[in-house]
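The next block holds one structure in the form of structure tokens; read it before the comments.
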Amino acid sequence: MERQGNFFQKMYGFDGLSVLFILICIILNLITFLRPLGSFLYLGIIGYLFLILCLIRVVSRNYEQRRRENEVFLDMIRPLTDGMDRRSEERGQKKLFRFFDCPECRQRICVPRGKGRIEITCPECGRKFIKKT
């Protein structure tokens with residue numbers, strides 16, 4: 001039993017890329033399950049290849065290589081997650097502020113609520129526009 005505990009302590013474990021591989025496996029196998037005949041049959045095999053890749057990453061002892069792979073993956077999806085983080089911050093501040101996009105440069109501008117019709121100046125391009133808060 002001591003030997004098994006040692007094995008699990010030394011393995012890399014799950015990270016963002018491993019979770020993505022599992023999701024791809026589930027989606028491809030679900031498509032294969034819903035359409036069992038025809039050209040979709042190969043999607044199930046591809047899905048299981050992603051599962052095998054995930055398991056190899058999870059039990060790997062090459063921490064540095066797995067960390068670099070995950071860092072590259074996180075850098076690729078960072079533009080998507082940054083937008084989600086910004087929107088969730090805005091939801092928390094929605095009672096106090098209104099958010100507008102500059103019509104010229106699309107800069108997101110935060111102004112206090114309840115000030116009526118005000119002239120807003122974009123800090124990025126200097127364009128002025130009138131909005132009701």
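With a 10 Å radius around each residue's Cβ, average the other Cβ atoms per peptide and rank 16-27, 105-116, highest first.
Ranking the peptides 16-27, 105-116 by packing returns 16-27, 105-116.
Hey, if we sort 57, 127, 117 by accessible area with the 1.4 Å probe, largest down, what's the order?
117, 127, 57
As an exercise, find the ratio Rg/Rh for the range 88-133 from alpha-carbon atoms, using the Kirkwood inverse-distance average for Rh.
0.96
Could you tell me the relative contact order of the range 16-66? Use alpha-carbon pairs under 8 Å, at least six residues apart, and round to a whole percent.
The value is 41 percent.
Say each of residue 30 and residue 106 gets a label point 7 Å from the Cα, pointing the same way as Cα to Cβ; how far apart are those two points in nm?
3.0
Label points 7 Å out from Cα along the Cβ direction at residue 48 and residue 78: separation in nm?
Each label point lies 7 Å from its Cα, and together they span 3.8 nm.
Which whole-Hz couplings ³J(HN,Hα) result when phi for each residue of the range 70-77 is put into the Karplus expression 6.51 cos²θ - 1.76 cosθ + 1.60, θ = phi - 60°, listed in order with x for Gly and Pro?
For the range 70-77, the Karplus-derived couplings read 5, 5, 4, 4, 5, 5, 5, 9 Hz, x marking Gly and Pro.
Let me check I have the definition right: for the range 49-133, take the eigenvalues of the Cα gyration tensor, multiply each by 5, take square roots. What are those semi-axes in whole Å, largest first?
Largest first, the range 49-133 gives 44, 14, 9 Å.
The values are calculated or read from the model by the stated rules, or taken from the named source; none is laboratory data. Small disclaimer: the values here were computed from a predicted structure and weren't measured. Ideal geometry is used to build each Cβ from the backbone, glycine not excepted, and the neighbour counts take in all protein chains shown. SASA here: full protein model, heavy atoms, side chains in, ligands and nucleic acids out. Shrake-Rupley method; radii C 1.70, N 1.55, O 1.52, S 1.80 Å.
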